[in-house]
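Structure first, then comments.
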Amino acid sequence: MTRDSGTKPAAVSAQFDAVVVGAGFSGLYMLYQLRQLGMSAKGFDAAADVGGTWYWNRYPGARCDIPTTDYAYSFDPELEKEWIWSEKYATQPEILDYLRLAADRHGLRSDIEFSTTVTSAHWDEGENRWKITTDRGNEIWCRYYIMASGCLSIPKSAEIEGAGQFAGQVYFTSQWPHEGVDFTGQRVAVIGTGSSGIQSIPLIARQASQLTVFQRTPNFSIPAHNGPAPAERLVQLSDDRDGYRHAARWSRGGIPAEPTDVLGVTASEDVRRERFEAAWDQGELFGILGVFADQGVNPDSNDIVAGMIREKIRLAVDDPETAEALCPKDHYFGTKRPCLDTGYFETYNLPHVRLVDLRKQPIIRITEEGIDTADQSFEFDAIVYATGFDAMTGALAAVDVTGRGGLSLTEKWAPGPSTYLGLMTAGFPNLFMITGPGSPSVLSNMTVSIEQHVDWVAGCLRDMRDAGFDTIEPTALAESGWDEHVRDCAAITLHPTASSWYMGANVPGKPRVFLPYIGGVNAYRQACDDVVSQGYLGFRRTGRGGDQCRDGVIRSMQPDVAMVLEIMAGLGLPPIQTLSAGDARALMAAAAATRPPGPEVAEVTDGVMPGPGGDLPYRLYRPAAADQGPHPIVVYFHGGGWVLGDLDSDDPLCRDLCARSGAVVVSVNYRHAPEARFPAAAQDAFTAVQWVDANTVSLGGIPGQVAVAGWSAGGNIATVACHLARDAGGPRIAGQLLINPVVESEMMRQSYAENGDGYILTTALMRWFWDHYADPAERGDPRAAPLLGNLADLPSACIVTADFDPLRDEGVAYARALDAAGVPVRHVRARGHTHTSLTMVGIVISGAPVRAQMAGALADFFPAPVTGAVSNSSIG
Ligand code: NA7
């Protein structure tokens, strides 16, 4: 951001405890907190006054898009009492006045050098301090360098040829003249239809004689229904201000709200319409983003909301062609920042307002007179650029920052920003970012996120002082773990599919990574709190208090797996091992009945095959390209500790494996314990493989292309069938896919110690399973514990292990032992998964890439190319 004019202060060379860059919401509160700590601090801002984003963005119609009752500080009860917002969504001048008042109430201006831009920050390793320089020649030494420089503060350049040629007036919404602009009688162009464009266009249209809007991407927008602050919110606040603010801090978006559990895909037409219209009438972003629980992750659910918004646009705009051009169709709703508007779409019904769709008619260049598109030359008196910002990293990278060993921040972040909690980055000790990349920031109510970050930083500085530490810095492990968690959270949503500024896609050359943390304000706050309560896990702190490094990763479970665990814990179900086998089976069946069904396959047929103890039921799944068969066959054995499970229990997983791999899947229901104990299940498995091999052709299979697969105890008997087939001289099995298999009865490995409690399959439950299945004396038999058997000449294997599974380490041991015995093995690590999560098709979205790897392994078992496999990306 260019420096604003102002009285030039004298250059200073000084020492402070902290330097704070930025005097908006975050910088002001940070300065306040530093004072509370008794620390000396200096603030800098390029603007001539406080306000940050609200200082610069003075375009007509500029308002916040979070209700102002919530878009406010909560740290100062007197300020809360003194200030009454005049509207539901306050205007820029009102918000600026509020920030001025906040600064004045606490006398913060005296700590801030205005009209001054910080140009560089260098960490001095000898001094353990930052050296900060400014464009006014100041040189300041400080212990802590705090970037409170905003997420949307560096305007993006116009990137249009000839932009400098235009002889008329040029305005940027992000740097609007303080005296305002009168467009009366002028021919005006607006380029850009993000929030700034959508807010300003209706007001510019009131003055201009002609208004032409150049739209590259139509945006979703809903009416703000602005007016007085909503009465029920004011009542909630006045009744229990602390409770309200507390609820905001522990909400998903930073505004108190009850999240819905209504799924768009399963709701009735009436419920869908009712929920949508209620959100439309409410006119709040989090309302319309939360019509359905699944609209952020399920394309079909998202389409319902998007389709209803498009209907509204078509109703609002008279000209059908213009209406169609204004309907967003290239991104899912919410994956680009949606807008709140006042009469935006209706503005296009005015005779002097015209929309130019740049997708059909791109801008070729800007000329002295106006704008040339592929089809037409336009003449204008003024051009308004509402073209957005270099979001989230722009302001951080605008300063020449070097950390340890001269490491430059821009170089470190060339592949995309890497942070711990969005607060700090390794190699840059004592550099704090307020709402940095990797924190909820722009996806949340910024004021709540800002206060949380500032409070965390202040607490961290206090704790360091108390413990005698001078420096703090995240470890590489903690940081990469957090980056991975941020990516995991985004990966299960639709967000990464859009070319948005959340993805860095609006700035040419910027790496495409999802910048904010989408796991929610509440989950994020919990992670930050957990880091502190675990002795600053993931940080290294040094000073006279010693050299303390608590290395580790704060969140390593897949976010959707964690969510499922939380929901299950909330159900308060009895532990399975406290039930009889019959009751446990009934409980499992009831749970299975409520699941999503799994993907479509061409054909599902049930049958029976002969088994050693009577007929064995089986279910055959034929892949979509049924007419192109024959296909390889996978004989599948369900999980359930030899006690539970049946043809229904693993049905979604079988469908998924069938659809992804293009193989026929024959799921076999073997005999269960305690009715039929060891080795009944293993014998049934071997018999089933023999029968399928003998009947390959009639089942639609390719002779010689039969593999086995199984999950958990099913993995146990699948691999035991391979042992038995080898020993019997056949049939030849092409490969074995073992998903979290049981391969021994000892429960001594580390994964039992780590995961034996709290992740559904517990040590107690595993003991219950073994007790039902086999006598202790039998458990060393290789047909019960295949890890103890002869592993030579077994079929190629793919072994899947899950991080949070007590069985993890025996699976790993089996993979190693097979490899040592000369068996080709592929080990797939299901990062952040539990024993059961991979089977939760359509629920645990993060399991999909792992199941894609399983299907790939199945395909690799068979020599001929597998036909009929569908694209993995189309399966949830
Ligand atoms: P946004 O939301 O980034 O919007 C910028 C708009 O400008 C968007 O429609 C862009 O189209 C468009 N744009 C950008 N560059 C060009 C060029 N070269 N040619 C044509 N159109 C272009 O910024 P805002 O200032 O409106 O809002 C930022 C945030 O501030 C907002 O989300 C709120 O959180 C507050 P594109 O979509 O990239 O095709």
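The values are calculated or read from the model by the stated rules, or taken from the named source; none is laboratory data. Quick caveat: nothing in here was measured; it's all calculated off a predicted structure. So basically every Cβ, Gly included, is an ideal-geometry build from the backbone, and we count neighbours across all protein chains shown. Side chains included, ligands, DNA and RNA excluded: accessible areas come from the protein's heavy atoms. Shrake-Rupley method; radii C 1.70, N 1.55, O 1.52, S 1.80 Å.
Based on the Kirkwood radius over alpha-carbon pairs, what is the Stokes-Einstein translational diffusion coefficient of the range 301-422 at 25 °C with 0.890 mPa s viscosity, in µm²/s?
My calculation gives 132 µm²/s for D.
Please calculate how many Å² of accessible area the range 73-169 carries per residue, with a 1.4 Å probe and no DNA, RNA or ligand atoms counted.
Here the residues of the range 73-169 average 40 Å² of exposed surface.
Give me the accessible area per residue for the range 309-390, probe 1.4 Å, as a whole number in Å².
45
Cα centroid distance between the range 486-538 and the range 34-91, in Å?
One Cα centre to the other: 25 Å.
Report the Cα centroid-to-centroid distance between the range 357-414 and the range 121-176 in angstrom, as an integer.
The range 357-414 and the range 121-176 have Cα centres separated by 15 Å.
Note the angle between two axes, namely the Cα long axis of helix 446-467 and the longest principal axis of the Cα atoms of the chain, as a number of degrees from 0 to 90, rounded to the nearest 10.
Tilt of helix 446-467: around 80 degrees.
Quick check: pseudo-label points 7 Å beyond the Cα along Cα→Cβ at ALA247 and ASP583, how many nm apart are they?
For ALA247 paired with ASP583, the spin-label model returns 3.8 nm.
I need the peptides 382-394, 107-119 ranked by packing, meaning the mean over residues of other C-beta atoms within 10 angstrom, with the highest value on top.
Highest-to-lowest ranking by the protection proxy: 382-394, 107-119.
How much accessible surface does ILE304 have with a 1.4 Å probe, in Å² rounded to 10?
Taking all protein chains as shown, ILE304 has close to 30 Å².
Under the classification rounded if a/c is under 1.5, otherwise prolate if a/b is larger than b/c and oblate if not, where does the range 746-858 fall, given a ≥ b ≥ c as square roots of the Cα gyration tensor eigenvalues?
Oblate, since a/c reaches 1.5 and b/c is not below a/b.
Any idea how far the Cα center of the range 662-693 sits from the one of the range 426-463, in Å?
55
Roughly speaking, to the nearest percent, how much of the chain's 1.4 Å accessible area is carbon and sulfur?
C and S atoms contribute 51 percent here.
Ignoring ligands and nucleic acids, what accessible area does THR342 show with a 1.4 Å probe (Å², nearest 10)?
The accessible area comes out at roughly 100 Å².
Return P(r) of the range 180-253 (all Cα-Cα pairs; 5 Å bins starting at 0; whole %; ordered from short to long distances).
That works out to 3, 12, 15, 14, 11, 11, 9, 10, 9, 4, 1, in percent per bin.
Quick one: how many Å² of TYR670 are accessible to a 1.4 Å probe, rounded to 10?
Number for this one is 10 Å².
Starting from the exponent 0.38 and prefactor 2.2 Å, build the expected Rg for the range 540-606 from its residue count and divide its actual Cα Rg by it.
Cα Rg divided by the expected 2.2 N^0.38 Å: 2.02.
So if we plug the beta-carbon distance of ASN128 and THR605 into 1/(1 + (r/R0)^6) with R0 = 60 Å, what FRET efficiency do we get, rounded to 0.05?
E(calc), rounded to 0.05, equals 0.25.
Could you give the size of the charge dipole of the range 567-691 about its Cα centre, using +1 on the Cβ of each K and R and -1 on the Cβ of each D and E, expressed in debye and rounded to the nearest 20?
My answer is approximately 240 debye.
Please provide three numbers in whole Å: the alpha-carbon extents of the range 248-364 along the principal axes, with the largest listed first.
46, 31, 27
What does the charge dipole of the chain about its Cα centre add up to, to the nearest 20 debye, if the Cβ of each Lys and Arg holds +1 and the Cβ of each Asp and Glu holds -1?
On the way: 70 positive and 104 negative charges, 234 e Å.
Dipole magnitude for the chain comes out near 1120 debye.
Sort HIS772, HIS835 by heavy-atom solvent-accessible area, probe 1.4 angstrom, most to least.
Sorted descending by solvent-accessible area, the residues read HIS772, HIS835.
Count charges around LEU818 for me, please; just the other residues with Cβ under 13 Å from its Cβ, Lys/Arg as +1, Asp/Glu as -1.
0
Report the antiparallel proportion of the DSSP beta bridges in the chain as a percent, rounded to a multiple of 5.
Antiparallel bridges: around 35 percent, rounded to the nearest 5.
Using a 1.4 angstrom probe, figure out how much accessible area the range 412-469 has per residue, in square angstrom, rounded to the nearest whole.
18
How high is the FRET efficiency from ARG273 to ASP615, r the C-beta distance, R0 45 Å, rounded to 0.05?
0.35
Per residue, what volume in Å³ does the convex hull of the Cα atoms of the chain enclose? Working shown, then result.
Details: hull volume 164.2 nm³, N = 876.
Cα-based convex hull of the chain, divided per residue, equals 187 Å³.
What net charge is computed for the residues neighbouring ALA72, neighbours being all others with C-beta under 15 Å from the C-beta of ALA72, Lys and Arg scored +1, Asp and Glu -1?
Around ALA72, the surrounding residues sum to -2.
Shape call for the range 65-203 from the C-alpha gyration tensor, a ≥ b ≥ c root eigenvalues: rounded (a/c under 1.5), prolate (a/b greater than b/c) or oblate? Show your work: numbers first, answer last.
Values: a/c = 2.44, a/b = 1.23, b/c = 1.99.
It is oblate, given that a/c is not under 1.5 and a/b is not larger than b/c.
In debye, nearest 20: dipole of the range 658-808 around its Cα centre with unit charges on the Cβ of K, R (+) and D, E (-)?
360
Gain in length, ASP372 to ALA593, computed as 0.36 nm per residue apart minus the alpha-carbon separation, to one decimal in nm?
Stretched fully, the ASP372-ALA593 segment lengthens by 73.5 nm.
Around SER745, under 13 Å between beta carbons, what's the net of Lys plus Arg minus Asp minus Glu among the other residues?
For residues surrounding SER745, the net value is -3.
Got a sec? Charge dipole of the chain, +1 on Cβ for Lys and Arg, -1 for Asp and Glu; which of LEU358, PRO417, LEU699 is way out at the positive end?
In the chain, that residue is PRO417.
At a Förster distance of 25 Å, what's the computed FRET efficiency of ALA694 paired with ASP727, Cβ-Cβ distance as r, to 0.05?
With a Förster radius of 25 Å, E is 0.85.
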